[in-house]
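*Asks:* Input: one structure, supplied below.
The values are calculated or read from the model by the stated rules, or taken from the named source; none is laboratory data. Keep in mind that this is a model prediction, so the values were computed, not measured. Here Cβ is always computed from backbone atoms with ideal geometry, including for glycine, and neighbour counts include all displayed protein chains. Areas reflect the complete protein model, heavy atoms only, side chains present, ligands, DNA and RNA absent. Shrake-Rupley method; radii C 1.70, N 1.55, O 1.52, S 1.80 Å.
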Amino acid sequence: MCLSIPSLVVEVHHDEQAVTVDTMGVRRKVSCHLMAEPLAIGDYVLIHIGFVMNKIDKQAALESLALYREIVDKLEGEAS
């Protein structure tokens, strides 16, 4: 099973058809070659194997991120 965590576009690299995203504090550069729609700083996207698959609604992204943070907090609490 693959879970895609919403990622925030923080930098656009037009010359490389790529963007830098922040995924829960981890930054990485990913390809936009599969996207027909242009991306901008502040967009939320879903990524699969290093490629942006689609842009998602900001509110939906924030709700998903809140759930992921809740899961991580719970798991970290159980590990202590």
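*Asks:* In the set Leu62, Leu67, which member is among the aliphatic types (A, V, I, L, M), part of a helix (DSSP H, G or I), without any contact (Cβ under 8 Å) to a residue 60 or more places away in the chain and loosely packed, with under 12 Cβ neighbours inside 10 Å?
*Replies:* The conditions single out Leu67.
*Asks:* Another one. Output the number of the condition that Ala40 fails; it satisfies all remaining conditions of (1) of a type in the set (A, V, I, L, M, F, W, C); (2) within 13 Å of Ser7 (Cβ to Cβ); (3) open to solvent by less than 90 Å² (accessible area, probe 1.4 Å).
*Replies:* All conditions pass for Ala40, except number (2).
*Asks:* On to the next question. Among the numbered criteria (1) in contact with a Phe, Trp or Tyr (Cβ under 9 Å, 6 or more places away or on another chain); (2) open to solvent by 30 Å² or more (accessible area, probe 1.4 Å); (3) of a type in the set (Val, Ile, Thr), which one does Val9 miss?
*Replies:* It is condition (2) that Val9 fails.
*Asks:* Condition test on Ala40, is it in a loop (DSSP other than H, G, I, E, B), in contact with a strand residue (DSSP E or B) (Cβ under 8 Å, 6 or more places away or on another chain) and not charged (D, E, K, R)?
*Replies:* Against the criterion (in a loop (DSSP other than H, G, I, E, B), in contact with a strand residue (DSSP E or B) (Cβ under 8 Å, 6 or more places away or on another chain) and not charged (D, E, K, R)), Ala40 qualifies.
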